[in-house]
Amino acid sequence: MPTTQADSTKSPIGQRTPRVDGPLKVTGRAQYASDFKFPGLLYAVPVEATIANGRVTALDTAAAEKMPGVRAIFQRANIGPIFRSTLGEGFEGIVDERRPPFADDVVRYYGQYIALAVGDTFESARAAADAVRATYAKERPNVSTDLKPDDEPDEIETSFGPVKRLQSVRGDAEKAFAGAPVRVDQTYVTPTETHNPIELQATTAVWDGDMLTIYEESQGVFNLRSVLAQMFGLPKEHVRVITKFVGSGFGSKLWPWTHCALAVAAARQLKKPVKLVVSRRMMFQTVGHRPRVQQRVRLGATPDGKLVSLQQDYVNAQAILDNYHEDCGEATAFQYSVPNLWVAFGRARRNVGSPTAMRGPGAVPGLYATESAMNELAEQLKLDPVRLRVLNEPKIDESMGVPFSSRHLLECLELGGEKFGWSRRNPAVGSMKRDGLTLGWGMAGCTWVAARFPVQASVQLRDDGTTRVACGTQDIGTGTYTILAQLASQKTGVPLDKVEVALGDTSLPEGPISGGSMVTASVIPAVYAAADAAAGSLFGVATGTPGSPFEKRAAADLAFENGLVFVKADGPARGVPFADVLRRAQVRLVTGNGKSEGTFGDPKPKYSMHSYGCHFVEVTWQPEIARLRVNRVVTVIDAGRILNPLAARNQIEGAVVMGIGMALFEHTTYDPQTGAPINSNLADYVMAVNADVPPIEVHFLDHPDMELNALGARGVGEIGLAGFAAAVTDAVHHATGVRVRELPVKIEDLLV
Ligand code: MOS
């Protein structure tokens, strides 16, 4: 590992590091998008359609307009131009719901915004929005939960560009399946799930002439800037997006939603700053969700457990106009060795708001299905499910024909099994008891992509001995402030409490989206390059200052380690603190800029790069009172080098909690009559809470993935959710004998 520190025990890398932004958060000084205040600030509240399919034939705003404190009621006629944005190069111009708000009178999903009330206070705007009367030509919505693929061409548009519906194929999977002695053919269903970050989505829009500043809880400020610049016909330089803190996102804040454009347009029309905070109900309607997916998985195997065929055909629900693809096949083609494989998908349009990425998009529902099928195959083969995975461990990525950069799934399984006590499992259903409870044990493997986005960053060294690292990425609660501080501290020798981190602002060097669990891996090379460039400037100052101890030296003779400038040949013992070098020269600061290329989406990679892991789950079952609980979890993750074990553990624990919700509780239900999501609040949309959460044991392997970056770090944000539900349903089967193939597991499923 390249390091600038002589004493590696002092390196902040790999240390359990509390959040550097923690004090700001717990003292309420952290400013979220809706916390920014401006003179003359107005409040906007959208009017939501109360049908899911049809047309607005009339909007009566007369009463609302006369209400006290109301500034305007906007609709298509008076909101002014909001243009359509298009996909650009790289990560630019990405939107799941492409239609600009108010673009036509057609309502395609329940809760679609049809008007916007703006008032002096939130209360006046809220009351005015409620007073707007809409008349509709209403048609029956299609929110059917039975998903059959629509008639679409072989290559289709998605939110990120064109994709082939036949995702991966090798050998003849159909024929091999037909001839296989042991077969599994099952369909697995995952319901619509809604992200529920605690922080509601919000926009505060401020115009100054033709310069627009937006305060938004965005997981990607640069993409948001490019979309807004297009929607309002502005040069990109005229739009600034600021996201200092995000109260979590889970993917719902990755791409812009229509409320943002509405706030911007209202602020433009009224020439005042406007704030719009989406309600919890709207969070279920207009800012994305994980779509419902139906997956048929067919496995064929030999009697001794070698896979001969794997087929996955899946359908995801999508919105009427948009092109979301839930990539459930992402991991299927490489996770196991199998000579004959087929992965294909279709989509089914429904009258729902656009789906979007939700934590572990694609792979999370995908692995639920394929790992469940593996567990069913193990049962048929009377084989330990861990053993089945060992038997089918691939030597290379068989879908791309390239080696894995670093894959230690078998070590995860071994360690997980040992920590959990898996060898004591009696596979007979209902056979294991403790304290009068029936125990169920289940397991599953998991994986998640590892790659880098392109990044720019800067590092400053200052004459007071502090440093500042800047990168236009975001901290969505995962610990990016802390990771950037650790990286800068390690390279400059400045202690963590003297490192300033600037992120969440398009005026900073362009940073990556907070998505795909890729920020940490992505920022390392750019921050390191920036720190090296800053050191280069420092050497220039050191050698160019009369009276400096380095005056007679060439910059190339100098080194910078642990905060000291020294002559390489002399070693650090005679080094000078960088602050002294700067002060002597009367230089306040030197800045280095760094840049790194992305690897994400590389069509011809040298290595197949992913993180891996497994979950072992114990449930307890009390048939007398139909009580099912997740009682114990052991999760092992192979995510390369872990830079901050405290934050990494938080991520995996949080994902496991979400996994309990996915397996047992979470589902958004649409009323077939109205098309409304009927459990659109935190009382009726049940999520796992503290009382549902058992002891969670998390272990990390330590195999740095040196193909990815200089520290060998991959990501940990999403992988902990992958595979988890399959481990739970397998444990449920072990306890109860019931195979539940449609999530979440409901008590009525078990009353048989
Ligand atoms: Mo994540 S769904 O990439 O925010």
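The values are calculated or read from the model by the stated rules, or taken from the named source; none is laboratory data. On a predicted model such as this, the values are computed, not experimentally measured, just so you know. Methodologically, a virtual Cβ is constructed for each residue, glycine included, from the backbone with ideal geometry; neighbour enumeration extends over all protein chains shown. Quick note on the areas: whole protein, heavy atoms, side chains included, nothing else; ligands and nucleic acids left out. Shrake-Rupley method; radii C 1.70, N 1.55, O 1.52, S 1.80 Å.
General observations
- Some residue of the range 671-681 being assigned to a loop (DSSP other than H, G, I, E, B), open to solvent by less than 10 Å² (accessible area, probe 1.4 Å) and among the hydroxyl-bearing types (Ser, Thr, Tyr): no
- Checklist (1) within 21 Å of residue 708 (Cβ to Cβ); (2) within 16 Å of the ligand (Cβ to nearest atom); (3) among the small types (Gly, Ala, Ser) applied to residue 366, failing item: (1)
- The listed residues are 732, 689, and the only one of them that is more than 16 Å from the ligand (Cβ to nearest atom), open to solvent by 40 Å² or more (accessible area, probe 1.4 Å) and over 28 Å from residue 318 (Cβ atoms) turns out to be 689.
- Taking (1) at negative phi; (2) touching a residue at least 60 places away in the same chain (Cβ under 8 Å) in turn, residue 236 satisfies each apart from (2).
- Verdict on residue 57 being over 26 Å from residue 273 (Cα atoms), part of a strand (DSSP E or B) and open to solvent by 20 Å² or more (accessible area, probe 1.4 Å): yes
- Residues (more than 16 Å from the ligand (Cβ to nearest atom) and under 21 Å from the mean Cα position of the chain (by Cα)) located in the range 706-722: 708, 709, 712, 713
- Some residue of the range 328-339 being of a type outside the set (A, V, I, L, M, F, W, C), under 27 Å from residue 258 (Cβ atoms) and surrounded by 24 or more Cβ atoms within 10 Å (Cβ to Cβ): no
- Members of the range 3-19 found to be of a type in the set (Ser, Thr, Tyr) and modelled with pLDDT under 95, listed by number: 3, 4, 8, 9, 11
- Scanning the range 92-140 for residues that are in contact with a Phe, Trp or Tyr (Cβ under 8 Å, 6 or more places away or on another chain) and at positive phi yields 102, 111.
- In the set (1) within 32 Å of the chain's Cα centre (by Cα); (2) aromatic (Phe, Trp, Tyr); (3) closer than 15 Å to residue 103 by Cα, residue 74 fails one condition alone, (1).
- Among residues of the range 94-134, those that are of a type in the set (Ser, Thr, Tyr) and in contact with a helix residue (DSSP H, G or I) (Cβ under 8 Å, 6 or more places away or on another chain), counted: 1
- For residue 89, the conditions (1) more than 22 Å from residue 287 (Cα to Cα); (2) open to solvent by less than 70 Å² (accessible area, probe 1.4 Å); (3) at pLDDT below 95 are fulfilled apart from (2).
- For first residues located in the range 336-365 and without any contact (Cβ under 8 Å) to a residue 40 or more places away in the chain, partners that are part of a loop (DSSP other than H, G, I, E, B) and lie 6+ apart or on another chain with Cβ distances below 9 Å form the pairs 362/325; 362/326; 362/327; 362/328; 362/329; 362/330; 362/331.
- Residue ID - most open to solvent (accessible area, probe 1.4 Å), chosen from residues in the range 609-660 that are free of Cβ contacts under 8 Å to residues at least 24 places away in the same chain and not aliphatic (A, V, I, L, M): 624
- Meeting the requirement of 2 or more residues that are touching a strand residue (DSSP E or B) at 6+ places or on another chain (Cβ under 8 Å) and either within 16 Å of the ligand (Cβ to nearest atom) or among the β-branched types (Val, Ile, Thr) (or both), the strands (runs of 3 or more DSSP E) wholly within the range 509-611 are 564-567, 589-596.
- When residue 67 is tested against (1) hydrophobic (A, V, I, L, M, F, W, C); (2) closer than 26 Å to residue 106 by Cα; (3) part of a loop (DSSP other than H, G, I, E, B); (4) open to solvent by 30 Å² or more (accessible area, probe 1.4 Å), exactly one condition is not met: (2).
- Candidate set from the range 459-479 (those that are acidic (Asp, Glu) and more than 16 Å from the ligand (Cβ to nearest atom)); member that is most open to solvent (accessible area, probe 1.4 Å): 464
- Residue in the range 230-254 that is farthest from residue 482 (Cα to Cα), counting only those that are open to solvent by 10 Å² or more (accessible area, probe 1.4 Å) and within 10 Å of the ligand (Cβ to nearest atom): 254
- Only one entry of 395, 433 meets the criterion of being among the basic types (Lys, Arg), open to solvent by 50 Å² or more (accessible area, probe 1.4 Å) and in a loop (DSSP other than H, G, I, E, B), and that entry is 395.
- Pair list, Cβ < 9 Å and 6+ apart or interchain, from the range 503-517 residues that are over 17 Å from residue 459 (Cα atoms) to residues that are within 7 Å of the ligand (Cβ to nearest atom) and among the charged types (D, E, K, R): 516/718; 517/718
- Restricted to the range 480-508, and to residues there that are more than 22 Å from the chain's Cα centre (by Cα) and hydroxyl-bearing (Ser, Thr, Tyr), the residue that is farthest from the ligand (Cβ to nearest atom) is 492.
- Where a residue in the range 418-429 is over 11 Å from residue 697 (Cβ atoms) and modelled with pLDDT of 95 or more and its partner, wherever it lies, is among the polar types (S, T, N, Q) and open to solvent by less than 90 Å² (accessible area, probe 1.4 Å), with Cβ under 9 Å and at least six apart: 429/736
- Top-ranked residue in the range 310-356 [being touching an Asp or Glu at 6+ places or on another chain (Cβ under 8 Å) and within 16 Å of the ligand (Cβ to nearest atom); ranked as nearest to residue 190 (Cα to Cα)]: 316
- Restricting attention to the range 255-292, the residues that are at positive phi and within 16 Å of the ligand (Cβ to nearest atom) add up to 1.
- Within the range 630-681, being touching a helix residue (DSSP H, G or I) at 6+ places or on another chain (Cβ under 9 Å) and among the hydroxyl-bearing types (Ser, Thr, Tyr) holds for 635, 680.
- Among the conditions (1) touching a Gly at 6+ places or on another chain (Cβ under 6 Å); (2) over 30 Å from residue 341 (Cα atoms); (3) open to solvent by less than 40 Å² (accessible area, probe 1.4 Å), the only one that residue 177 does not satisfy is (2).
- Residues being open to solvent by less than 10 Å² (accessible area, probe 1.4 Å) and either over 22 Å from residue 668 (Cα atoms) or not aliphatic (A, V, I, L, M) (or both) - total across the range 736-752: 1
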